[in-house]
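Some notes on the structure that comes next.
The values are calculated or read from the model by the stated rules, or taken from the named source; none is laboratory data. The model shown is predicted, which means the values in this text are computed figures rather than measured ones. Reconstructed Cβ throughout: ideal geometry from the backbone, glycine too, with neighbour counts over all protein chains shown. For the accessible areas, the whole protein counts, side chains as well, though only heavy atoms, and no ligand, DNA or RNA atoms are used. Shrake-Rupley method; radii C 1.70, N 1.55, O 1.52, S 1.80 Å.
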Amino acid sequence: MTIDSEHEITSTPPRATGRHSRGDTRSPSRRTLRQIIGAPVTRYSGLLLLAIFVAFFSIQLPSVFPTLATFNSIVGDQSVTMILALGVLVTFAVGQFDLSAAQNLGMCAVLCSSLMVHQNMSPVLAVLLTLVAGVLVGLVNAVFVAVIGINSLIATLGMSSVLLAITELVSNFQFIGPVPDGFRSVANHQVLGIPLIALYALVLAVLVWYVLEHTPIGRRAYAVGANPDASRLAGVRAGRYVFGAFVVTGAFAAVAGVLVTAKIGNVAPTLGPAYMLPCFAACFLGTTQVKVGRFNVAGAVIALLLLATGVKGLQLMGSQLWVTDLFNGLALLVAVSAAVLSSKRSPRAKR
């Protein structure tokens, strides 16, 4: 799925319409007013909605919701999802899908815990081997998509099934754990009252944001995602960027798998798929924020915080566990609908 970038819309010089040529000055002034007021509201509507959520739940649950414990719970619980979403977002940026990323996370978590618990391997060596395994998964995906030319949906869907089988083989359908206490402190320690795992996610988010938004690599990656044929004609080696994107996604999935192992201590063989829906929902909902019509890190962070705050508030109000899946599913549908409608409106805006 390709979504036109914001720059493609705004960089087009304004044209003089028939009404303008007839001297009607009301339309330009009205359009300018809508742009001045409407554009920022649209770009940051997620922050506005987030503030409404916080205010609503704080009024409804004054002794439970507006607390440091709730804040730490939200950012700590969503850090693993954020790291996985950052990896998936890189694949989206080059116009591809990686449906195996969540199961790659689950496989890496099972592998990491199994190496420490069943093989008595040191945490450092277990982490290194797990990272290598996650990157290898990304390499295989890259070969299927960028070298052989298989559609990314089909290739990564097949890879997801293979990884599920490996996960079940390694775990034997059993929980694996607990991992050593020293390894668990890697994710559960706090710095200045903030979960350390949230700081990892923040650092990685800044890194991905900088590379995508402020380096030639990022600009070419977005160009490949927007129009691969045009980028090839412009001299960009599109295949290399697609190949590299899948490797990066595999690496981020592995990092997320290691950190979730440290965070929870006991890993279930069904861990991975639970991260797929919130991860994709955050990326697509993020296209409606900050850089409208484009997968971007800031939008994904806002979207994930918005979803997590809404789910946490509903859970604290006594909602059932299925509310989380319902909330994330509706958010994904709304986000994709908004992206599709936005892409349909873009040609009209250019006219």
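What is the distance in Å between the Cα centres of the range 53-92 and the range 232-269?
Taking the Cα centre of each part, the range 53-92 and the range 232-269 sit 23 Å apart.
Could you give the accessible area per residue of the range 117-173, probe 1.4 Å, as a whole number in Å²?
Values: 3210 Å² over 57 residues.
Result: 56 Å² of accessible area for each residue.
For the range 228-291, which trypsin sites (Lys or Arg not before Pro) are in a loop by DSSP, counting at most 14 other Cβ atoms within 10 Å? Each step should come with its number before you reach the end.
Numbers: sites: Arg232, Arg237, Arg240, Lys263, Lys291; in loops: Arg237, Lys291.
Taking the range 228-291 and a limit of 14 other Cβ atoms within 10 Å, the loop trypsin sites (Lys or Arg not before Pro) found are Arg237.
For the range 222-289, what is the convex hull volume of its Cα atoms per residue in Å³?
Dividing the Cα hull volume of the range 222-289 by its residue count gives 110 Å³.
Using a probe of 1.4 angstrom, how much of the accessible area of the range 248-318 is carbon and sulfur, in percent?
73
If eta is 0.692 mPa s and T is 37 °C, what Stokes-Einstein diffusion coefficient results for the range 223-351, Kirkwood Rh from Cα pairs, in µm²/s? Each step should come with its number before you reach the end.
Working: Rh = 17.1 Å.
Using the Kirkwood radius from Cα pairs, D works out to 192 µm²/s.
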